[in-house]
1. Kindly provide the set of residues from segment 7-29 that are more than 11 Å from the chain's Cα centre (by Cα), surrounded by fewer than 21 Cβ atoms within 10 Å (Cβ to Cβ) and over 22 Å from Gly75 (Cα atoms), ordered by number.
2. For segment 30-77, name all the residues that are surrounded by 15 or more Cβ atoms within 10 Å (Cβ to Cβ) and in a helix (DSSP H, G or I).
3. Counting just the residues of segment 8-41 that are at pLDDT 95 or above and hydroxyl-bearing (Ser, Thr, Tyr), which one comes out farthest from Tyr80 (Cα to Cα)?
4. Any chance segment 91-102 includes a residue that's within 22 Å of Gln7 (Cα to Cα) and in contact with a helix residue (DSSP H, G or I) (Cβ under 8 Å, 6 or more places away or on another chain)?
5. Please go through segment 78-109 and give me each residue that is of a type in the set (Gly, Ala, Ser), surrounded by 15 or more Cβ atoms within 10 Å (Cβ to Cβ), in contact (Cβ under 8 Å) with a residue 40 or more places away in the chain and farther than 12 Å from Tyr30 by Cα, ordered by number.
6. Could you check segment 30-53 and list, in sequence order, the residues that are under 13 Å from the mean Cα position of the chain (by Cα) and of a type outside the set (Phe, Trp, Tyr)?
7. All but one of (1) under 24 Å from Thr132 (Cα atoms); (2) touching a strand residue (DSSP E or B) at 6+ places or on another chain (Cβ under 6 Å); (3) among the acidic types (Asp, Glu) hold for Glu76; state the number of the condition that does not hold.
8. Between Tyr48, Tyr34, which is more than 16 Å from Ile20 (Cα to Cα) and in contact with a Ser or Thr (Cβ under 6 Å, 6 or more places away or on another chain)?
Amino acid sequence: MQTYNIQFEGYWLEKNKAGIPAKSGVYMVYRSKYDVVSDKVTLLEIIYIGQSTDVKSRIANHDRLPDFQQMLSQGETLSYAFATVSSQDLDVVEKALIIAQKPRLNEQIQSSIDFGDKQFQVSGRCALLKYTNFTIN
């Protein structure tokens, strides 16, 4: 069984998203609150999981940004987490994370994938993930 070790980096606020690496990988978009006084971010919900061969560019020019912003309540902002994934593994990793997490804005992804048995171990900056060690059959 093939195993994928996914290490998330982050978190970047919407205003700081230019700091996201220009690398191939998967990313999570969060609803969050930022407290200016304490300089702390509270992550509320993963609303979208995506992938790109250049995550920095994808997030900077995301066609679904209006959808992301529509999910925010008063006083909330977007935050992002990123994990480097090779371009040949992007589809498998993205779909597995979406199936495991089921973010509200990823409704178009099917409920299963047919890539054979795969093991996923997720670590790092991946708050609110329902599963961090799972298998997809």
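1. Gln7, Gly19, Pro21, Ala22, Lys23, Ser24
2. Val55, Lys56, Arg58, Ile59, Phe68
3. Ser24
4. Keep residues of segment 91-102 that are within 22 Å of Gln7 (Cα to Cα), which gives 91-102.
Remaining after also requiring in contact with a helix residue (DSSP H, G or I) (Cβ under 8 Å, 6 or more places away or on another chain): none.
Among the residues of segment 91-102, not one is within 22 Å of Gln7 (Cα to Cα) and in contact with a helix residue (DSSP H, G or I) (Cβ under 8 Å, 6 or more places away or on another chain), which makes the answer no.
5. Keep residues of segment 78-109 that are of a type in the set (Gly, Ala, Ser), which gives 79, 81, 83, 86-87, 96, 100.
Narrowing the set further to residues that are surrounded by 15 or more Cβ atoms within 10 Å (Cβ to Cβ) leaves 79, 81, 83, 96, 100.
Going one step further and asking which of them are in contact (Cβ under 8 Å) with a residue 40 or more places away in the chain, we end up with 79, 81, 83, 96.
Answer for segment 78-109, where residues must be of a type in the set (Gly, Ala, Ser), surrounded by 15 or more Cβ atoms within 10 Å (Cβ to Cβ), in contact (Cβ under 8 Å) with a residue 40 or more places away in the chain and farther than 12 Å from Tyr30 by Cα: Ala83, Ala96.
6. So the first thing to find is which residues in segment 30-53 are under 13 Å from the mean Cα position of the chain (by Cα), and the list is 30-31, 43, 45-52.
Residues satisfying the conditions are Arg31, Leu43, Glu45, Ile46, Ile47, Ile49, Gly50, Gln51, Ser52.
7. All conditions are met except number (1).
8. Working: Tyr48 fails: in contact with a Ser or Thr (Cβ under 6 Å, 6 or more places away or on another chain).
Checking each option against the conditions leaves just Tyr34.
The values are calculated or read from the model by the stated rules, or taken from the named source; none is laboratory data. Just so it is clear, the model here is predicted, and its values are computed rather than measured. No Cβ is skipped: glycine too gets one built from the backbone with ideal geometry, and neighbour counts run over all protein chains shown.
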